[in-house]
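**Student:** Handing you this structure, nothing more for now.
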Amino acid sequence: MPYPKITVVTLSLNQARFLESTLLSIRAQEYPNLEHMVIDGGSTDGSIPILERYASGFSYWVSEPDGGITPGLIKGFSRATGDICCWVNSDDLLEPGTLHEVASYFLSDPSARVVYGDATWIDVEGNPIKPKKEHSFSRFIWDYDHNFIPQPSTFWRRELYDEVGGLDPKFQLAMDGDLWARFADVTPLHHVPRLWSRMRSYPEQATQRLYARCLQESIEIRRRHRGDEPAWAVKAKFALAKSTRIARKLAGGCYW
């Protein structure tokens, strides 16, 4: 079987306590055509010796100030040469065999340009908290409930990323949701009910620590697509989207 090149970008800043586990989860994929890039924002916490230890497995790595999360990711993807791309932050993990499954999916469906799997929420120690099993993509649910797509379980063709203009540096926390929305504008988003990643949840996490800003960015992204609607209409559609999502997850056995 031909193995399409997969680019994985790992972003990190002072995440020495999680970094090695992330790198090992990617190395353990044993994927034969992997391009792994690590963009470190200038860590001072002991991350650099870890990166130096695993440097032989990187296609590229750098440690320098980069202006934030999204500029760092843009830096990484600007060097990407893979047919398929994703990013895995330095506090998240890939499940064993994920990259082989992703490659097989894209090979089996040449028309597919984006696919996302499921995930597991884990705590600081790596212990499972709860599953994050998802349903097929619904733009209505995405627009009026929340961005339910697990970022480290999402993979896309590089030419699609280029077509939509890549990540928008305007968004520092909801940049993934913005990218998915622009993907969805031009192509279907496919879902595979397989656990492809583990996402860490802890109070120091950027999306929790800066929740208000993340929420504001998400609102802006949704308003851009759905336009200015009366508050009552948004609330009514939120209730419908939420109930529809719950029903679809119940039907799919996503809560257990």
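**Student:** List the residues of the range 50-81 whose backbone N lies under 14 Å from a point placed 7 Å from the Cα of D162 along the Cα-to-Cβ direction.
**Tutor:** 77-81
**Student:** For the peptides 189-197, 34-42, what is the packing order when you average, over each peptide's residues, the other Cβ atoms within 10 Å and list the highest mean first?
**Tutor:** The most tightly packed comes first, giving 34-42, 189-197.
**Student:** Can you pull the percent of Cα pairs in the range 28-94 with separation above 18 Å?
**Tutor:** Cα-Cα pairs of the range 28-94 separated by over 18 Å account for 38 percent.
**Student:** What is the packing order of peptides 9-17, 178-186, taking the mean over residues of other C-beta atoms within 10 Å and listing the highest first?
**Tutor:** Taking the mean over residues of other Cβ atoms within 10 Å, the ranking is 9-17, 178-186.
**Student:** If you bin every alpha carbon distance in the range 127-172 into 5 Å steps from zero, what whole percent lands in each bin?
**Tutor:** Over the range 127-172, the share of Cα pairs per 5 Å bin runs 5, 14, 17, 25, 23, 11, 5, 1 percent.
**Student:** Per-residue counts of other Cβ atoms within 10 Å, averaged by peptide: what ranking do you get for 152-165, 213-226, highest first?
**Tutor:** Ranking the peptides 152-165, 213-226 by packing returns 152-165, 213-226.
**Student:** Pulled fully out, how much extra length does the chain show between Q205 and L240, if you take 0.36 nm times their separation in residues and subtract their Cα-Cα distance?
**Tutor:** Answer, rounded to one decimal: 9.6 nm.
**Student:** What span do the alpha-carbon atoms of the range 75-186 cover on each of the three principal axes, reported in whole Å from largest to smallest?
**Tutor:** 38, 33, 29
**Student:** Pairs of alpha-carbon atoms within less than 8 angstrom and 6+ residues apart define the contacts here; what relative contact order does the chain have, in percent?
**Tutor:** 22 percent
**Student:** Here's a follow-up. Over 10 Å intervals from 0, what percent of Cα-Cα pairs in the range 181-256 sits in each interval?
**Tutor:** Final binned percentages: 13, 28, 48, 11.
**Student:** Additional query: For the range 213-256, restrict the atom set to alpha-carbon positions and state the Rg and Dmax in Å.
**Tutor:** Here Rg and the maximum Cα pair distance are 13.3, 37 Å.
**Student:** Estimate the FRET efficiency between K249 and R139 by the formula 1/(1 + (r/R0)^6), using the beta-carbon distance for r and 30 Å for R0, to the nearest 0.05.
**Tutor:** According to the calculation, E is roughly 0.95.
**Student:** Hey, another quick one. Mind checking which lysines have their Cα closer than 28 Å to the Cα of K249? Skip sequence neighbours fewer than 8 apart in that chain.
**Tutor:** K130, K132, K133, K235, K237
**Student:** Which residue fluctuates most in the GNM of the chain (Cα springs below 10 Å): L24, L73, L99?
**Tutor:** So, out of L24, L73, L99, the one fluctuating most is L24.
**Student:** Hey, could you pull the Cα Rg and Dmax for the range 1-146, both in Å?
**Tutor:** Looking at the range 1-146, its Cα Rg and Dmax stand at 16.0, 46 Å.
**Student:** Let me ask something else. Find the all-direction average of the projected area of the Cα convex hull for the chain, expressing the result in square nanometres with one decimal place.
**Tutor:** Averaged projected hull area, Cα only: 13.5 nm².
**Student:** Against the longest alpha carbon principal axis of the chain, how many degrees, from 0 to 90 and to the nearest 10, is the axis of helix 231-251 turned?
**Tutor:** 70 degrees
All of the numbers you see were taken from the coordinates with simple rules; none came from a lab. Predicted model, so just to flag it, every value in this text is computed and none were measured. Note that we place each Cβ from the backbone using ideal geometry, even for glycine, and neighbour counts take in every protein chain shown.
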